[in-house]
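Read the structure below first, then the notes.
Coordinate-derived values only; no laboratory data. If you're wondering where the values come from, they're calculated on a predicted model, not measured in any experiment. In this analysis, Cβ positions are derived from the backbone assuming ideal geometry, glycine residues included, and neighbour counts consider all displayed protein chains.
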Amino acid sequence: MIEGKLNLPFPLLENVSNWRKFYAVINSSFLFIEKSGNVLASDPQYTNLTNQVDIAQMKALIALAYYYLVRTWGDVPLIKQSYDGQFPKIPRSSSSAVLSYAEQLLKEAAPVLPFIYGSVNADYFSGLYYGSSDWSGDLINRLTAYVLLAHISVLDGRYLDASAYLDYASANSSSALLTTSSTTTLVSATGGVFTNTNNKHVLAFGMSQEKTKQRLPVIWKTLPWARLLFSVPIR
């Protein structure tokens, strides 16, 4: 799982490595991009800038999904729109073509994405984001986009491009409040870098108990894209 080898012939991996979940993310993200304008037209509280940032977030999520698809399966179908009801049969595209499309989406998204979400002191896109200031590590920001661009470049064998993307991320880490971690923090079981989500995460999807108010036990239904099940209803 850690090495992303989801295509190995083990029964557990065969159950969790189906790429349908990745394409569900891609399809849902495209659906938002295509339909969010309707909300913008009808809801005066939904601003044009928020819509642009939300669309950039969806583009980055699509790119992230394609990165994992290519890293796991190589050549995969390339979908560039949503499909309602049933997916058509789409032939596989080359891994380079898919990564190129993912890189294009990230380049479109990166200038629109803020470094920080929910900060009233931010120079760009300031104020609470959907009523909250606590989004550290939970969303793709501009810094995350450049780090993902570097990962895509490495996977595509373009190491100079990867170095340039990482140089940008390193030079602008303070803008995203990203900080380094000591060894003590890295290995801490209670307050370390792997606990909940915080400014030490480029991107976490941490499923934090503090933020979702879930009750134990929490069960991973699938490993590539985790979904939480609760034995006790949330009140």
Query raised in the report: Rounded to the nearest 0.05, what FRET efficiency is calculated for Ala122 and Ser100 with R0 set to 30 Å and r the Cβ-Cβ distance?
Result: 0.40
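For Ser181 and Gln52, compute 0.36 nm times the residue count separating them, minus their Cα-Cα distance, and round to one decimal in nm.
Details: separation 129, 0.36 × 129 = 46.44 nm, distance 3.27 nm.
That works out to 43.2 nm of additional length.
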Requested in this report: For Tyr129, list long-range residues whose amide hydrogen, built 1.01 Å from N in the peptide plane, is under 5 Å from its own amide hydrogen.
Outcome: Gly118
Query raised in the report: Which number do you get for Rg(Cα) / (2.2 N^0.38 Å) in segment 93-178?
Result: 1.19
Report summary line: Protection proxy (average C-beta count within 10 Å per residue), highest first, orders 107-115, 58-66, 36-44 as 58-66, 107-115, 36-44
Query - Per-residue HN-Hα couplings for segment 174-190 [Karplus 6.51, -1.76, 1.60; θ = phi - 60°; Hz; x = Gly/Pro] - result: 5, 5, 9, 6, 6, 10, 7, 10, 6, 4, 4, 5, 4, 9, 5, 8, 10
Report summary line: Diffing segment 50-60: the Karplus 3J(HN,Hα) column from phi (6.51, -1.76, 1.60, θ = phi - 60°), in whole Hz with x for Gly and Pro, holds 4, 4, 5, 5, 4, 5, 4, 4, 5, 4, 5
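Could you tally the net charge around Gln104, taking each other residue with its Cβ under 12 Å from the Cβ of Gln104, Lys/Arg +1 and Asp/Glu -1? Before the final figure, lay out each step's value.
Details: positive: Lys59, Lys80, Lys107; negative: Glu103, Glu108.
My count for the surroundings of Gln104 gives +1.
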Report task. In whole Hz, with x marking every Gly and Pro, tabulate ³J(HN,Hα) for segment 119-128 from phi via Karplus 6.51 cos²θ - 1.76 cosθ + 1.60, θ = phi - 60°. Result -> 9, 6, 9, 5, 6, 10, 6, 7, x, 4
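Would you mind ranking Tyr129, Tyr165, Tyr101 so that the residue whose beta carbon has the fewest other beta carbons within 10 Å leads the list? Could the numbers behind the result be given before it?
On the way: Tyr129 20, Tyr165 24, Tyr101 17.
In order of increasing Cβ crowding within 10 Å: Tyr101, Tyr129, Tyr165.
Could you calculate the FRET efficiency of Asp75 with Ala24 from 1/(1 + (r/R0)^6), where r is the beta carbon distance between them and R0 is 22 Å, rounded to 0.05?
On the way: r = 20 Å, r/R0 = 0.90.
Calculated value: 0.65.
If packing is taken as the average number of other Cβ atoms within 10 Å across a peptide's residues, how do 170-183, 19-32 rank, most packed first? Each step should come with its number before you reach the end.
Values: 170-183: 13.4, 19-32: 17.6.
Highest mean packing first, the order is 19-32, 170-183.
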